[in-house]
Amino acid sequence: MDKQDKLIATLFKDTTIIFFLSFIATTIGSIIDGMITSNLLGTSSIAAFGLTLPYQKFAFIFPAIIALGMQILCGQSLGKGDLREANGIFSLTVIAGLVVAFIMMIVTFLFTEELSMILGVDREQAQLFALTIEYIEPSALSLPAIALTRILTPIMQLDSDRSRAVISVVALSFSNIIFDLISVYVFDAGLWGIGLATTLSYWLSAGILFLHFLKKDASFTFVRDTISIKFMREMILNGSVTTFGMGANVLRISALNRVALATAGENALGAYVIVENFISMLQSVPKSFSSSVQMIGGILVGERDKNSLRRLIVIALKYSLVSIVAVALIILFGGAALIADIYTQEDAAQVQFMAEEGIIFATLGLPIYTIIFVFHYLYQACGRFKLSNFFAVANNFLFIVPIALFLVPIYGIMGLWLSFLLSRVVGVLAIFVITCWHCKRITFNVEDYLLLPEDFDVPEDSQLDITVTSKDEVLGLSERAQSFCAAQGIDDKRSMFAGIYIEEMAGNIVDYGFNDGKKHFVDVRVIVNGSQVIIRIRDDCRAFDPKKWVQINNPEDPSSHIGIRLVRKIATEFRYVNVLKLNNLTVKI
């Protein structure tokens with residue numbers, strides 16, 4: 001692995017952790033509720049809980065849409081070095097998320113019975129009908145907190161406060177378990193208590209995240225004068241894949257709920273709910289890897305950096321598949337039985353057996369699902385919305401439901417489990433066929449699967465990439481950069497200024513950023529686009545803003561930091577931003 005790969009790999013791993021926490025934060029409440037309900041409240045309660053899953057998924061759609069759109073737009077803004085614009089996008093997202101969440105909460109309370117009937121249960125099924133309402137009503141109070149949690153968690157990574165996201169998820173998980181057990185054993189509050197416990201846990205989690213924005217050094221802040229409604233359309237467009245994906249997810253769960261219930265009654269429905277509940281947790285792993293690709297890819301798209309995008313995909317596939325295969329092997333060799341046992345009561349042997357089978361088949365398809373998701377999210381970062389929307393609907397509905405409807409009459413509930421695996425195979429074949437059709441040839445070249453337009457990046461001979469890891473490697477940067485610029489037809493003055501600037505900046509970063517005993521990188525990229533020279537310097541050291549540095553250190557001495565001063569005088573653009581714990585400086589001369 002070369003130096004640039006190591007830098008991307010480090011960034012990818014750090015970002016994956018925060019996205020895993022983000023997905024866990026929005027699903028852990030449902031997962032814990034499902035486990036405790038199935039164990040302590042019985043088959044009827046878990047069946048009623050399962051009927052509410054489409055409602056739970058639907059409630060997450062809008063927060064997920066705007067959070068995803070926010071991540072992509074903020075990434076592109078930060079890739080351009082525009083923190084002010086990123087703050088405006090963030091502020092707009094918070095307002096929109098809270099407004100819609102409160103509206104949904106009010107509508108839920110006004111039309112609870114009608115909602116229960118839409119979910120597939122009517123008044124004739126008195127017990128299921130009452131239990132469904134019993135869970136929905138207190139759960140509705142959590143909607144604003146869920147929206148905040150979904151929006152704020154990714155910001156913790158962008159704003160270098162990852163530990164707070166960890167604390168938030170830990171607090172959410174433990175408080176939910178404790179509150180659930182108290183509601184069952186102390187108050188005997190049934191599903192109503194389970195729903196209220198989840199609501200209290202989400203508000204605690206959202207409160208912990210909100211405290212970040214009281215810090216004086218927070219880069220992301222809520223500022224009214226940076227809000228522009230024009231970003232809402234772009235945000236929804238970028239997040240549209242979530243609309244289609246989660247909408248298709250709701251339809252899939254509703255359809256398969258009915259298939260399971262018609263196949264073998266409440267036992268089959270209970271088993272399917274357990275499998276679906278477990279899958280939602282399991283899929284947090286590939287989704288977190290894919291979301292890292294999406295966020296980092298969005299920044300690289302903003303920089304028009306095709307080589308780094310290719311490196312990112314290779315690294316993402318490598319790390320994600322190794323991790324997913326390890327998780328799958330644990331589940332397949334004993335884990336499935338244990339998980340099914342955790343979810344079921346001692347007298348529910350049939351439900352446990354069916355759930356174990358379902359977990360095994362869902363797990364077998366997980367590595368394939370990971371490949372699909374990595375490319376799916378990359379396409380969205382690259383702005384291929386139609387393709388992203390197609391995969392969102394296909395992977396969540398079009399591939400799986402027809403297969404299930406075909407196989408269930410033949411194999412019974414086993415046909416439902418087979419559909420999970422076979423639909424993943426169809427999904428990865430679709431990526432292969434689409435790429436080959438786009439390239440007009442059969443290809444296994446990773447770069448072809450990026451599906452980037454031909455004019456996405458400047459030619460390779462018009463760009464220079466250097467990664468510095470020590471002071472010795474700084475020496476000679478000026479000469480290399482000057483020679484490169486001159487070879488591209490840039491005049492001697494600007495070539496010289498660019499070389500001096502790069503060497504001085506890299507030297508400053510090494511001097512002041514490499515002295516903490518840790519291993520660091522400085523990634524230098526020089527692009528010649530026509531007559532313009534674009535310099536991007538990125539490092540993983542502590543925050544270092546060269547504009548502020550010059551203002552603070554010897555501002556009256558014209559010979560001090562001469563490289564920075566010379567370039568600032570002739571630069572058409574000079575932007576710095578610290579994002580994902582990386583200093584990013586972009587200069588155009």
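Read-outs throughout are calculated quantities, based only on the coordinates presented, and are distinct from any laboratory measurement. Values in this document were obtained by computation on a predicted structure and should not be read as measured data. Please note: Cβ atoms are built from the backbone with ideal geometry, for glycine as well, and neighbour counts cover all protein chains shown.
Quick notes on this one:
- Fewest-first ranking of Phe20, Phe90, Phe333, using other Cβ atoms within 10 Å as the exposure measure: Phe333, Phe20, Phe90
- Distance between the range 60-105 and the range 133-197 - C-alpha centres, whole angstrom: 21
- Largest-first principal axis extents of the Cα set of the range 308-416 (Å): 54, 31, 20
- Counted charge near Gly513, where neighbours are those whose Cβ lies closer than 10 Å (Asp, Glu -1; Lys, Arg +1): -2
- Cβ-placed point charges (K, R +1; D, E -1), dipole of the range 431-498 about Cα centre in debye, nearest 20: 80
- Cβ-placed point charges (K, R +1; D, E -1), dipole of the chain about Cα centre in debye, nearest 20: 1300
- Ellipticity at 222 nm from helices only: DSSP H runs of n ≥ 4 in the chain, each -39500 (n - 2.57), divided by the residue count, give -24000 deg cm²/dmol.
- The range 302-366, relative contact order [Cα under 8 Å, separation at least 6], %: 34
- When the charge dipole of the chain is built from unit charges on Cβ atoms (+1 for Lys and Arg, -1 for Asp and Glu) and taken about the Cα centre, the candidate among Gly334, Val474, Ser45 whose Cα reaches farthest toward its positive end is Val474.
- Between Asp491 and Ile330, the simple spin-label model (points 7 angstrom out along Cα→Cβ) gives 6.2 nm.
- Listed pairs Lys57/Lys386; Lys6/Lys569; Lys215/Lys471; Lys519/Lys569 exceeding 25 Å between Cα atoms: Lys6/Lys569; Lys215/Lys471; Lys519/Lys569
- Since only Leu128, Thr149, Gln56 are under comparison, the one whose Cα sits farthest along the positive direction of the charge dipole of the range 41-167, derived from C-beta charges on Lys, Arg, Asp and Glu, is Thr149.
- The range 171-239: trypsin sites (Lys or Arg not before Pro) falling in loop per DSSP and having at most 15 other Cβ within 10 Å: Lys215, Lys216
- Order of Asp539, Asp461, Asp14 under a 10 Å beta carbon neighbour criterion, fewest first: Asp461, Asp14, Asp539
- With R₀ set to 56 Å, the beta-carbon distance separating Glu137 from Ser462 gives a calculated FRET efficiency near 0.35.
- Sequence-distant residues sharing a close amide H with Asn529 (under 5 Å, placed H): Ile534
- Averaging over all projection directions, the Cα-based convex hull of the chain occupies 28.5 nm² in the image plane.
- Rel. contact order, % - alpha carbon contacts under 8 angstrom, at least six apart, the chain: 17
- Net charge of neighbours whose Cβ lies under 15 Å from the Cβ of His376, counting Lys and Arg as +1 and Asp and Glu as -1: +4
- Theoretical gain in end-to-end length, Ile342 to Ile229 [0.36 nm per residue, Cα-Cα removed]: 36.0 nm
- Gained length - Gln127 relative to Arg480, 0.36 nm times residue gap less alpha-carbon distance: 119.4 nm
- Positive-end residue of Leu407, Ile360, Phe385, charge dipole of the range 290-445 with Cβ unit charges: Phe385
- Our estimate of slack between Thr221 and Thr469, defined as 0.36 nm per intervening residue step minus the Cα-Cα distance, is 85.9 nm.
- Estimated vicinal HN-Hα couplings, Hz - the range 382-388 in sequence order (Karplus 6.51, -1.76, 1.60; Gly, Pro = x): 7, x, 8, 5, 4, 5, 4
- Going from the residue with the fewest nearby Cβ atoms within 10 Å to the one with the most, Val425, Val510 rank Val425, Val510.
- Dipole magnitude for the range 125-241: computed about the Cα centre from +1 point charges on Lys and Arg Cβ and -1 point charges on Asp and Glu Cβ, it is near 480 debye.
- Over the range 134-254, relative contact order from alpha-carbon pairs under 8 Å, at least 6 apart, %: 34
- Other residues lying with their Cβ under 14 Å from the Cβ of Thr199 contribute a combined charge of -4, Lys and Arg counting +1, Asp and Glu -1.
- Residues of the range 58-73 with amide N under 18 Å of the 7 Å Cα→Cβ point at Phe210: 63
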